[in-house]
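Q: The structure under discussion is supplied below as structure tokens; questions concerning it will follow.
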Amino acid sequence: MSDKPLFVIKRNLQKSVQTGSTFQDQLDDSYLKDICQKITGRSDYDCQYVENDYRDDFLNKSYNKGRLATLRYRDYVHFITFSDQAITGRNSSIQSAITTFNIFYACPYDKKKLYYYFICKSGNPATDYHMFMYRLMKTVGFTFLNFPISSPASSFTTIEDMMRARDENRKNNKGNNSTFISKNENGEYEAYCKTFGANKYESSLICYAMSMIIGQTKKIKLYEILEGNLKELPKSSLRVLRKMNTVDIVRTDLTFEKRIFEESHGNQLRSPRYQFNLLYKLGEKHCALCGCKIPDIIQGAHIWPVSSIRADNSIGIDDKVRFATDGDNGLWLCENHHKLFDRNIIVILSDGTVKYNHDLSCIHVPYLCAFTKNTQIPSIYLNDNFRQYVERRNKGLNMANYVSF
């Protein structure tokens with residue numbers, strides 16, 4: 001390593017040939033001097049801008065992936081990634097950070113550090129969504145050399161903290177529906193990740209942060225929600241996740257879901273797509289009837305039962321899978337309410353009213369009333385598809401047997 005701080009930076013960005021603008025054009029001396037001062041305590045440095053075919057122990061032959069600069073000083077190499085100059089979208093400043101992290105994590109050199117530096121001149125780099133992503137970056141090891149607001153991002157310390165922050169962020173922007181974090185009845189953490197477009201970068205970063213928090217003691221289930229011809233997560237991200245060795249990756253597509261459906265029995269259906277669709281529609285797990293939010297005991301309850309869908313010979317297998325995994329064909333229920341619902345001790349009407357079977361022993365009614373706080377399904381559940389599924393379910397029931405709470 002050099003005794004004098006040395007920047008080695010790939011000159012060309014991915015679109016430099018088309019735009020004529022290089023990374024060198026965006027990094028003036030004041031930025032590099034500030035970075036060098038913050039990292040090494042020195043303001044004097046050398047800088048080499050290198051071409052695409054350059055390679056060394058820390059840079060491969062390619063254009064500048066990750067808007068990356070390396071600073072070599074004494075025994076350390078410092079990987080620095082930069083924001084865009086113009087923040088034009090919720091992922092525009094984040095995608096390069098994940099690419100840089102992949103390069104950093106794959107580097108076998110032990111004495112290495114990871115940084116982020118803001119050079120944005122327009123746009124808002126501190127939206128609620130960006131702040132959530134910065135917290136993820138902090139969790140996986142990024143040091144922010146500067147920050148766009150006075151309150152810097154803090155690391156997540158638990159996955160539950162991540163789950164709460166993700167759900168709160170989603171409430172503020174309904175477009176943030178690409179990745180969900182949850183927990184199943186076995187106490188296992190799960191990530192449901194869409195893999196198209198910029199979503200793959202968000203999905204990667206969330207899984208990295210979960211892996212960093214959980215350590216080597218447990219495994220995380222990562223379900224890749226594939227649609228049509230959409231590809232899996234980037235190969236570089238998959239390599240990192242496999243190297244972390246805490247994530248079991250499951251690719252889900254229609255063929256996968258068909259196999260699960262055909263191998264299931266009764267009303268049991270362990271479908272990742274069904275869980276994703278419920279999370280997409282309803283948000284974090286919470287019982288629709290009592291409000292319980294303990295994810296370990298919240299389950300996706302089918303309105304039109306899987307056994308009834310399976311027994312209907314008038315529909316083909318593709319439609320059966322579609323009905324069985326439709327988010328409108330379900331609601332979040334705690335284990336108790338799920339069993340009461342499956343056994344038709346309680347029913348839901350098409351307008352969302354909840355009733356119970358008057359054949360239930362009178363000694364149990366006070367208990368049932370006490371823990372069934374919601375006797376009207378929240379409006380988020382109610383739409384035409386939901387009502388049709390309710391009507392299919394209730395078709396064989398004698399509704400005269402049911403009374404209001």
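Q: Which numbered condition in (1) surrounded by fewer than 17 Cβ atoms within 10 Å (Cβ to Cβ); (2) polar (S, T, N, Q); (3) within 18 Å of K219 (Cα to Cα) is the only one that T246 fails?
A: So T246 meets the others, but not (1).
Q: Would you confirm, using the coordinates I've provided, whether C287 is in a loop (DSSP other than H, G, I, E, B), at negative phi, out of contact with any helix residue (DSSP H, G or I) (no Cβ under 7 Å at 6 or more places or on another chain) and surrounded by 20 or more Cβ atoms within 10 Å (Cβ to Cβ)?
A: In short, no.
Q: For segment 250-274, what are the residues that are of a type outside the set (S, T, Y), surrounded by 18 or more Cβ atoms within 10 Å (Cβ to Cβ) and not in a helix (DSSP H, G or I)?
A: Correct list: L269 only.
Q: Does S30 satisfy the criteria of being touching a Cys at 6+ places or on another chain (Cβ under 7 Å) and either acidic (D, E) or under 20 Å from L145 (Cβ atoms) (or both)?
A: No; evaluated as a whole, the condition is false for this residue.
Q: Could you tell me whether any residue of segment 262-271 is in contact with a Gly (Cβ under 8 Å, 6 or more places away or on another chain), modelled with pLDDT under 95 and under 24 Å from C193 (Cβ atoms)?
A: No, that holds for no residue.
Q: Within the bounds of segment 316-325, is there any residue that is in a loop (DSSP other than H, G, I, E, B) and in contact (Cβ under 8 Å) with a residue 24 or more places away in the chain?
A: yes
Q: Just to verify a result, which residue in segment 242-279, among those that are aromatic (F, W, Y) and out of contact with any Phe, Trp or Tyr (no Cβ under 6 Å at 6 or more places or on another chain), is farthest from G330 (Cα to Cα)?
A: That would be F256.
Q: Also, quick follow-up: Report whether or not T325 is within 23 Å of D296 (Cβ to Cβ), touching a Phe, Trp or Tyr at 6+ places or on another chain (Cβ under 6 Å) and in the same structural domain as C290 (by TED's automatic domain parsing).
A: Considered against the rule, which asks whether it is within 23 Å of D296 (Cβ to Cβ), touching a Phe, Trp or Tyr at 6+ places or on another chain (Cβ under 6 Å) and in the same structural domain as C290 (by TED's automatic domain parsing), T325 comes out as yes.
Q: With the requirement that a residue be surrounded by fewer than 20 Cβ atoms within 10 Å (Cβ to Cβ) and either modelled with pLDDT under 85 or in the same structural domain as G66 (by TED's automatic domain parsing) (or both), what does segment 186-223 give you?
A: Matches in segment 186-223: F196, G197, A198, N199, G215, Q216, T217, K218.
Q: Taking only segment 1-58 into account, find how many residues are hydrophobic (A, V, I, L, M, F, W, C) and without any contact (Cβ under 8 Å) to a residue 40 or more places away in the chain.
A: 3
Q: If you don't mind, there's one more thing I want to ask. Scan segment 114-142 for residues that are of a type in the set (K, R) and assigned to a loop (DSSP other than H, G, I, E, B) and jot them down.
A: K121
Q: Condition test on A97, is it under 20 Å from G20 (Cα atoms) and either small (G, A, S) or surrounded by fewer than 23 Cβ atoms within 10 Å (Cβ to Cβ) (or both)?
A: Details: under 20 Å from G20 (Cα atoms): no; either small (G, A, S) or surrounded by fewer than 23 Cβ atoms within 10 Å (Cβ to Cβ) (or both): yes.
Considered against the rule, which asks whether it is under 20 Å from G20 (Cα atoms) and either small (G, A, S) or surrounded by fewer than 23 Cβ atoms within 10 Å (Cβ to Cβ) (or both), A97 comes out as no.
Q: May I ask you to list the residues in segment 10-40 that are over 12 Å from Y117 (Cβ atoms) and part of a loop (DSSP other than H, G, I, E, B)?
A: Selection gives R11, N12, L13, Q14, K15, G20, S21, T22, D28.
Q: Sticking with this structure for a sec: Tell me yes or no: at least one residue of segment 55-71 is crowded, with 22+ Cβ neighbours inside 10 Å and part of a helix (DSSP H, G or I).
A: Checked segment 55-71: no residue is crowded, with 22+ Cβ neighbours inside 10 Å and part of a helix (DSSP H, G or I).
Q: Next question. Residues that are under 15 Å from N385 (Cβ atoms), in contact (Cβ under 8 Å) with a residue 12 or more places away in the chain and under 30 Å from the mean Cα position of the chain (by Cα): does segment 330-340 have at least one? Let's see the steps before the verdict.
A: Looking only at segment 330-340, we keep the residues that are under 15 Å from N385 (Cβ atoms), and these are 330-331.
In the following step, the residues that additionally are in contact (Cβ under 8 Å) with a residue 12 or more places away in the chain were identified as 330-331.
Within this subset, residues satisfying the condition of being under 30 Å from the mean Cα position of the chain (by Cα) are 330-331.
Scanning segment 330-340 turns up at least one residue that is under 15 Å from N385 (Cβ atoms), in contact (Cβ under 8 Å) with a residue 12 or more places away in the chain and under 30 Å from the mean Cα position of the chain (by Cα).
Q: Select, from F371, F341, the only residue that is aromatic (F, W, Y) and surrounded by 18 or more Cβ atoms within 10 Å (Cβ to Cβ).
A: None of the other options fit; the residue is F341.
The values are calculated or read from the model by the stated rules, or taken from the named source; none is laboratory data. As the structure is a prediction and not an experimental result, all values here were calculated from the model. Because the Cβ atoms are built from the backbone with ideal geometry, glycine has one as well, and the counts that use them run over all protein chains shown.
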